[in-house]
Each structure stands twice: as C-alpha cells, then as structure tokens.
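The values are calculated or read from the model by the stated rules, or taken from the named source; none is laboratory data. Note that this is a predicted model, so its numbers are computed, not measured. When we count neighbours, we look across all protein chains shown, and the Cβ atoms used for this are built from the backbone with ideal geometry, even at glycine.
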Amino acid sequence: MSHESKIIIKDFSFYYASVQALQNINFNIPPKEIFTVFGPARSGKTTLLKSMNRLTDLTFGTRYTGAIFLDGMDIYDPKVDLTQLRRRIGMVFDLPTPLPMSIFDNIAYGPKLSGTNRRNRMDEIVEKALRSAVLWEEVKDRLHTSALRLSGGQQQRLCIARVLALEPEVLLLDEPCSGLDPISTASIEETLFKLKKDYTIILVPHNIQQASRVADRAGFFLNGELVEEGPVYQIFTKPKDKRTEDYVTGRFG
Amino acid sequence: MIINRTRYLTQGVAKILIWLGALLTIGVMLLILFQILKEGLPVLHLHFFLESPKEMGREGGILSTIVGTAVLTVVAIVVGAPLGVGTAIFLREYTRESKMSRMIRFGTDCLAGVPSIIFGLFGFVFFVIKLNMGWSILSGGLTVAAMILPTIISTAEESIKAIPYSYREVSHSLGGTKWQTVTRVVLPGALPGIFTGILLSVGRSIGETAAVILTAGSSLVMPTSLFSPVRTMSVHFYILAREGISMEMAYGTGAALILFVLIINVMAQWLINRYIRHRT
Amino acid sequence: MQLQGKIIEKILLLIAFSSIFILALITFFIFEEGIPLVWKVGSKAFLFGDKWIPSKALFGIFPMIVSSFWVTCGALLLGIPLGLACTIFLSELTPPSVGTLFRPAIQLLAAIPSVIYGFWGLIVLVPLIRNHLGGPGLSILAGSLVLGFMTLPTIITISEDALKALPSSYKAGALALGATHWQTIWRVLLPAARSGIVASVILGMGRAIGETMAMIMILGNAVKMPTSFLDSARTLTTNIGIEMGYASGDHRQALFATGIVLFFIIMVLNTLAIFLSKRRVR
C-alpha cells in the first residue's frame with residue numbers, strides 16, 4: 001500500500017491550544033498527481049498543508065494525534081530531520097513572498113542552506129529551477145536585480161522556482177493564485193500541469209473552478225473534517241455527500 | 001456670550017504660553033550650543049586635534065584624549081553590541097512572552113535607570129579593584145558597555161520585530177533552521193536599525209563622564225595598551241573647567257565634544273529617516 | 001545539526017541574562033562595599049546625621065538627601081510645565097512637519113553631554129544669579145534650572161507617546177460635544193494620558209536625582225543643610241563624585257553607602273514608573 005500512495009494521512013487530528021482545527025483526517029495521496037484540498041474558509045486546509053511539512057511546529061502550543069506518512073515514513077517521528085523533510089516537501093504560500101534579495105539569491109537560498117556553494121553548480125540549479133517554473137526567459141537578463149521588482153505573477157513563479165531548486169518530491173500550494181490577475185493565474189495553472197509529471201502536488205485552490213480545471217483528485221474539507229474525497233470528476237459532478245453537493249453547487253460558500 | 005468668550009480667551013492664552021514654552025526650550029538649547037561653539041570653534045585648529053595636552057592641559061591639543069575616547073568607545077561597543085543584539089535575538093526569536101522574558105525585560109529597564117555615578121562605583125570596585133585591571137581603557141570600556149546595553153537591546157528588538165513574519169516562514173519552509181533564518185534573513189534586514197542603536201550608544205559613550213572618571217582614570221599620557229589609564233575628552237573638559245586650568249582649552253574641548261556628538265546624532269537621525277522610509 | 005541548534009539556543013539564553021546578571025553584580029558590590037560602614041556608624045546616624053566630616057569619622061548624609069530633594073523638586077518645577085508645554089506643542093498645536101524638526105531637536109537636547117550643561121551653567125547662570133540675586137551663585141537655583149532643562153527630553157518623549165496612544169475617539173468626541181481645542185486638551189486628553197505623563201515625570205525625577213557632573217560644576221560644595229535656593233549644596237551624587245577621587249578606608253565605604261541610598265531611591269522610582277507605564281496599556 002505504501003508504495004502506491006506518496007502520502008498517507010491516518011487518523012490525524014490537530015489542535016491549536018484547545019481549539020481543534022482538524023478532526024480525524026484519513027486519506028491517501030497518490031504520487032505525481034494533483035490533489036486538491038478545497039472547502040470554505042477556516043476549514044483546516046492551510047493547517048493540513050502546514051502539518052505536512054511540519055511548519056506548524058513553529059507555532060507554540062500545538063498538538064496533534066495520529067500520523068502522516070511520506071513514502072511510509074512517519075514525518076512526526078522524533079528522529080526525522082526537519083530540514084530534510086522540508087526539502088522533500090516544499091511549500092508555496094498564498095501571498096507571493098520573495099525574500100528581500102536578488103532573484104538569483106532567492107532561488108539559491110534553499111540550496112545554500114544545505115551547503116551547496118560552488119558557483120557554477122549554483123548557476124545550473126538556478127537556471128533549471130527558473131525554467132521549470134516558466135520564469136527563466138523573463139528574468140534571465142536580470143538575475144541579480146531585486147526580486148521585489150517583479151510583478152505579482154512573476155513573484156509567485158519565483159516562489160515556485162525557489163521551492164523547485166531544492167528538488168522536492170511533493171509541492172504544497174496554498175492558494176498560489178490569490179491576488180493574481182487571470183493571465184498570471186493561467187500561466188501558473190499551466191506550470192502546474194507541466195510540474196505534475198515529476199512532482200506530487202497538493203493544491204488549495206482559489207475557487208472551485210480552479211480545482212475542477214486543474215486537479216486529478218479532490219478532497220472536500222468542512223470545519224476541520226474531511227467530508228469526502230475521490231477523483232475530481234466524481235466529486236464535482238456526482239458527490240456522495242450532501243454537504244459536498246451543497247458546496248459544489250454554490251448553496252453555501 | 002460672556003462664557004463663550006472666556007473659553008476662547010483661556011485657549012488663546014494657553015496657546016501663547018505653550019508656544020513661548022516651546023520656543024524657550026529650543027532657544028535655550030541653541031543658546032548653550034552657540035555660546036560654547038562661538039568661543040570654542042576658533043580654538044579648533046588642526047594642531048588642536050593632532051597634539052596631546054601639555055602643561056596639564058594649558059597648552060597643546062587634545063590628541064591623547066581623542067585617542068582615549070575612541071579606543072574606550074570601541075571596547076564598549078565590541079563588548080556591548082554582541083551582548084545586546086544576542087539578547088534581542090533571544091527575546092524575539094527563541095522565546096515567547098513568559099515569566100522569563102518579562103524578567104529579562106525588567107532587568108534591562110532597571111539597568112537603563114541606573115545613574116552613571118553608580119556605574120562608576122561598580123566599575124571601580126569590580127573592574128579596577130577586584131579584577132585588578134586598574135584604571136584603564138578596559139575598565140572604562142567594560143563599564144560603559146554595561147551602560148549602553150539597554151539601548152542596544154531595545155533598538156535591536158525594535159528592528160528585529162519589524163521584519164515580517166512571512167520571511168521567517170519562507171526560510172523555515174525551505175529547510176532553514178532557526179539560527180540560519182536569523183543570520184540570513186532577520187539580521188540583515190534589521191541591520192540598519194541595530195546600527196542606529198550602536199551609533200546612539202557611541203554618542204552616549206563619548207559624552208559619559210562620571211562612570212569613566214572613576215574607572216579609566218585621568219592620565220594625560222597617550223595610552224599604549226588597553227590597560228593604560230586614559231583621560232577621555234569629556235573628562236578632560238570637566239577637569240579643565242572645574243580646575244579653571246584654561247578657559248580657552250576648555251571651550252575648545254567643549255566645542256570638539258559638541259561637534260562629535262552632533263555629527264553622530266545627525267547621522268543616527270538620518271539613518272532612522274532613511275530606514276523608516278525604506279520600510280514603508 | 002540539531003545539537004548545534006540547541007547549543008546556540010543555550011548560548012543566547014546566557015547572553016540574554018547578561019543584563020540581569022550585571023544588575024545583580026552592581027547591587028551586590030555596591031552593598032558589599034557600603035553596608036559595613038552603615039552598620040559601623042548606625043543607619044539612623046548615617047541617614048539622619050547632619051554632619052559629614054570624614055576626617056572626624058562623621059558620616060551623616062541627611063543634608064545631601066535634603067539637597068537632592070530640593071534640587072530635584074526645583075528641576076521638576078521647571079521641567080513639568082515646560083515639558084508639558086512642548087509635548088502639547090508637538091502633538092496638538094503644530095502640523096506634523098514641525099514635529100519632524102522639533103523632535104530631533106529634543107533628541108539632540110538629550111544627547112548633549114551633561115558636562116556641557118554644567119559648563120554653561122557655570123559660565124552663564126552662576127554669575128547671573130550671583131550678581132542679581134545674591135549668594136555665591138553656585139546654588140540650588142542654578143542646579144534646578146539646568147537640571148530641569150536636562151529632564152525635558154525624558155518628560156517630552158514619554159508624555160508624547162502617552163498622548164499618541166490615546167484613541168482618536170477621545171478627541172473627536174470631545175470636540176463634537178462643543179469643547180474648544182484647549183478644553184479638549186486640558187480636560188480630556190491630558191487626564192486620559194495621566195499615568196503615562198506621571199510615569200514620564202517619575203522617570204525624569206530618577207534622571208534628575210542621578211545627575212552628577214553638571215551638579216558638581218554648579219551646586220558649589222557646601223556640606224550643610226540648605227536654607228534657601230541660593231545656598232550652595234551637595235547632593236547624594238555630588239557627594240560621591242567629588243570625594244571618590246581621594247577617599248580611602250571608611251571614607252570610601254561611606255561614599256559607597258551613599259551610593260546604596262541613591263541606588264535604592266532610584267530603583268523605587270524606576271519600578272514605579274515602569275509599573276505605571278504598563279498600566280497605561282489598559
């Protein structure tokens with residue numbers, strides 16, 4: 001079973017102090033597909049994503065029960081090297097967050113952390129990452145200018161490239177297109193199609209339309225609970241649970 | 001109608017008095033600066049800065065005091081800045097608000113209120129006597145380091161606080177450890193603010209007299225090592241004035257003192273403006 | 001890698017405790033040097049004795065306590081009205097553009113070394129007082145005037161913060177009810193910022209009591225109970241500052257004991273001020 005699924009989430013519950021954000025989540029994520037985690041606001045989607053790369057560890061007073069397995073390894077095992085984990089599972093946030101450095105330094109930031117230092121190696125890494133994120137052509141002549149000068153869409157693709165430079169296996173994308181114009185959104189969605197050939201992608205979509213456009217499988221989250229999950233066409237056209245149907249048809253939002 | 005007029009009369013009088021007060025404040029300050037600069041600037045020839053005091057300060061220049069002040073200040077910064085910045089990093093990056101952090105802040109606030117003469121007594125007992133450093137640049141510098149610590153801690157904390165949380169999140173999500181995040185993202189961004197705090201501390205160190213006179217001594221001889229006793233500019237100024245040795249030299253030293261402090265403070269203000277504008 | 005992280009955290013923890021550590025060291029050594037003298041002489045004789053004659057082993061600091069008190073009160077008499085005036089000037093009576101000039105000027109006031117203030121007091125104020133009001137000129141009056149000026153930056157910056165922290169609804173509400181601008185300031189804003197303003201005054205008081213160099217230069221050196229503002233005097237700080245250079249044995253210990261009293265007074269004042277300014281956040 002474990003080599004069929006990239007990520008297995010088993011009986012996972014998560015608490016911020018006394019508030020329960022996720023209730024007993026159970027599902028599997030197949031490799032090299034786009035799995036979309038959708039639902040109304042405050043349903044625990046971001047918490048779920050941040051639990052997968054243990055970014056939730058940064059917050060004080062959090063608790064969890066259950067387990068999350070990456071390729072059969074329990075990511076909450078104390079022996080796990082957090083740095084390694086976060087390189088295998090990369091994250092792109094909902095607001096473009098370029099670091100206050102040059103484009104080159106932004107991309108090189110991750111690899112440099114692990115000691116990759118030689119100049120020519122770094123040049124290769126940066127170019128490869130920017131090409132994968134479909135940003136190379138636009139910035140190849142100004143790699144050493146500040147990343148803050150890029151447009152919103154370019155910045156977000158920079159964030160994707162930044163993650164790709166570490167050659168992860170999984171990509172967590174939390175509303176990567178929020179705040180972007182339709183053209184930038186389309187180009188990022190196109191990038192995602194290219195990326196899923198090599199990466200397992202978990203996407204919190206900006207809206208349901210994006211989810212149905214882009215994803216292979218979908219999971220509907222409501223108030224911290226996974227209501228149902230399955231192939232995208234099934235969830236959106238023939239949902240099994242009434243709550244899913246109500247949300248997908250727009251009866252609540 | 002009469003009642004109305006009284007209200008506005010009161011307001012008018014109050015506003016006039018307030019304007020007078022504000023103008024008086026600035027006026028007196030300018031008066032003080034002007035007086036000393038007027039008498040002192042003529043004394044500031046090049047040789048004033050390049051010669052050491054002769055005849056107990058009646059003649060010559062203030063070179064040994066400038067050197068003494070500079071080295072003492074460097075010692076104070078070299079010791080005080082890492083301690084202060086380290087404290088700020090710990091408070092902002094490694095703990096949250098707790099009994100311990102409140103205690104540390106309370107200690108820092110109290111330290112900020114300790115008068116310089118008490119620091120002088122402390123430095124004398126601890127550095128000069130108990131640690132056997134004698135009256136020296138080292139004793140003076142370490143004492144001043146303790147005095148500037150609160151300033152550096154609070155400016156460093158403010159600067160670190162201003163770095164957006166998202167930068168830290170990004171660094172962690174790319175596999176960065178806390179320390180890597182601090183050194184590669186937080187500190188570089190906070191550097192202008194930290195530097196401003198250091199600059200302000202330099203100004204304070206230059207003007208500090210009570211603590212220095214009890215720990216660094218008052219020797220006019222050019223210092224040769226960190227253990228040499230030394231007379232800083234402000235101490236020299238004080239001695240010249242109080243002993244009435246030479247009014248001319250006193251004015252000159254005072255003018256030099258004011259100029260150094262002014263330049264440093266203007267630089268710090270300029271940095272603050274540039275830094276704040278840069279942030280927004 | 002994780003071990004390295006833990007080590008770094010422990011090192012930073014130690015560094016963070018340096019200010020508490022230094023404070024403890026200061027307290028310890030001041031007390032260690034001074035307390036034996038207090039016991040030898042008797043605390044009542046020390047605190048309330050009015051004769052300070054080291055050569056005869058007489059160590060009463062009451063005149064110094066009283067003088068410190070007088071000079072500080074005099075300073076506040078000047079500092080509070082002038083400080084409040086400048087604060088109101090900054091925050092209510094002028095557009096922000098004036099503030100960008102005025103505020104750095106006040107910071108400059110704070111940056112000027114105290115010996116410069118003392119010198120100016122010596123050159124200008126002291127003869128002025130001697131010629132027009134009598135007495136030696138080196139007087140509590142001169143000290144209060146200069147000291148009052150030196151406390152202005154403290155009072156102004158902290159009071160301004162207190163006023164800025166007030167919700168804008170206070171001012172809007174008062175004006176909407178028909179109050180004049182001045183009435184709003186005097187009856188609504190200032191009282192609302194009361195604890196912050198009081199905190200600033202107490203902190204200013206702490207600075208004033210702890211001031212040494214300027215006071216040495218202009219208070220004169222009279223070791224007796226002051227009877228008028230024109231008298232010369234010695235404060236707790238100048239007592240230490242003047243004699244520390246040549247004191248030894250019991251005499252030196254007595255100066256440390258003076259330091260204990262000074263330290264204690266200032267700690268009380270500062271703790272009070274910190275407490276008050278935390279309360280203001282309500």
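Overview of results
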| read-out | value |
| --- | --- |
| Which numbered condition C:GLU33 misses (of (1) closer than 24 Å to C:GLU211 by Cβ; (2) at pLDDT 95 or above; (3) in contact with a Phe, Trp or Tyr (Cβ under 7 Å, 6 or more places away or on another chain)) | (2) |
| Checking B:VAL221 against (1) among the β-branched types (Val, Ile, Thr); (2) within 17 Å of B:GLY140 (Cα to Cα); (3) surrounded by 17 or more Cβ atoms within 10 Å (Cβ to Cβ), the condition it does not meet | (3) |
| Number of the exception - A:PRO239 against (1) crowded, with 16+ Cβ neighbours inside 10 Å; (2) touching a residue at least 40 places away in the same chain (Cβ under 8 Å) | (2) |
| Matching helices (runs of 4 or more DSSP H) fully within segment C:1-48 where at least 2 residues are facing another protein chain (nearest Cβ under 8 Å) and out of contact with any Lys or Arg (no Cβ under 8 Å at 6 or more places or on another chain) | C:2-16, C:18-41 |
| Criterion violated by B:TYR167 - all others in (1) facing another protein chain (nearest Cβ under 7 Å); (2) within 24 Å of A:THR97 (Cβ to Cβ); (3) buried (at least 23 other Cβ atoms within 10 Å of the Cβ) satisfied | (3) |
| Residue identified as within 20 Å of the chain's Cα centre (by Cα) and of a type in the set (Ser, Thr, Tyr) among A:THR249, A:THR191, A:THR237 | A:THR191 |
| Elements of type helices (runs of 4 or more DSSP H) in segment B:1-109, at least 3 residues being more than 10 Å from every other protein chain (Cβ to nearest Cβ) and modelled with pLDDT under 85 | B:2-40, B:46-50 |
| Boolean, C:THR87 is away from chain B (no Cβ under 11 Å) and either at pLDDT 90 or above or within 21 Å of C:ALA142 (Cβ to Cβ) (or both) | no |
| Qualifying residue in segment A:93-102 (condition: more than 7 Å from chain B (Cβ to nearest Cβ), crowded, with 22+ Cβ neighbours inside 10 Å and not in a loop (DSSP other than H, G, I, E, B)) | no |
| Helices (runs of 4 or more DSSP H) fully within segment C:134-240 counting 2 or more residues that are surrounded by fewer than 24 Cβ atoms within 10 Å (Cβ to Cβ) and without any contact (Cβ under 8 Å) to a residue 24 or more places away in the chain | C:168-176 |
| Filter result for C:ALA110 (assigned to a helix (DSSP H, G or I), within 14 Å of chain B (Cβ to nearest Cβ) and small (Gly, Ala, Ser)) | yes |
| Check on B:VAL230, out of contact with any Lys or Arg (no Cβ under 8 Å at 6 or more places or on another chain), more than 11 Å from chain C (Cβ to nearest Cβ) and either surrounded by 22 or more Cβ atoms within 10 Å (Cβ to Cβ) or in contact (Cβ under 8 Å) with a residue 40 or more places away in the chain (or both) | yes |
| Residue in segment C:49-62 that is nearest to the chain's Cα centre (by Cα), counting only those that are in a helix (DSSP H, G or I) and at pLDDT below 90 | C:PRO54 |
| Extreme residue, farthest from B:GLY252 (Cα to Cα), among residues of segment B:61-74 that are of a type in the set (A, V, I, L, M) and surrounded by 22 or more Cβ atoms within 10 Å (Cβ to Cβ) | B:LEU72 |
| Residues that are out of contact with any helix residue (DSSP H, G or I) (no Cβ under 6 Å at 6 or more places or on another chain) and surrounded by fewer than 18 Cβ atoms within 10 Å (Cβ to Cβ), drawn from segment C:50-68 | C:LYS51, C:ILE53, C:SER55, C:LYS56, C:ALA57, C:LEU58, C:VAL66 |
| Top-ranked residue of segment A:202-214 - restricted to ones that are in contact with a helix residue (DSSP H, G or I) (Cβ under 7 Å, 6 or more places away or on another chain) and either at pLDDT 90 or above or farther than 15 Å from A:LYS45 by Cβ (or both), ranked as surrounded by the fewest Cβ atoms within 10 Å (Cβ to Cβ) | A:ARG213 |
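Rundown of residues vs (1) part of a helix (DSSP H, G or I); (2) more than 10 Å from every other protein chain (Cβ to nearest Cβ), yes/no style:
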| position | (1), (2) |
| --- | --- |
| B:SER171 | yes, no |
| B:GLY176 | no, no |
| B:LEU187 | yes, yes |
| B:GLY193 | yes, yes |
| B:GLY197 | yes, yes |
| B:ILE206 | yes, no |
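For every residue, the table says whether it meets (1) at pLDDT 90 or above; (2) over 18 Å from A:LYS45 (Cα atoms); (3) among the hydroxyl-bearing types (Ser, Thr, Tyr).
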{"site": "A:LYS140", "(1), (2), (3)": "no, yes, no"}
{"site": "A:LEU166", "(1), (2), (3)": "yes, yes, no"}
{"site": "A:LEU173", "(1), (2), (3)": "yes, no, no"}
{"site": "A:CYS177", "(1), (2), (3)": "no, no, no"}
{"site": "A:GLU189", "(1), (2), (3)": "no, yes, no"}
{"site": "A:LEU226", "(1), (2), (3)": "yes, no, no"}
{"site": "A:GLY230", "(1), (2), (3)": "yes, no, no"}
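Yes/no matrix, rows are residues, columns are (1) over 30 Å from C:PHE264 (Cα atoms); (2) assigned by TED's automatic domain parsing to the domain that holds B:GLY217; (3) free of Cβ contacts under 8 Å to residues at least 40 places away in the same chain; (4) over 22 Å from the mean Cα position of the chain (by Cα):
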| site | (1), (2), (3), (4) |
| --- | --- |
| B:LYS38 | yes, no, yes, yes |
| B:SER52 | yes, yes, no, yes |
| B:SER101 | no, yes, yes, yes |
| B:ILE104 | no, yes, yes, no |
| B:ASP109 | no, yes, no, no |
| B:GLY120 | no, yes, no, no |
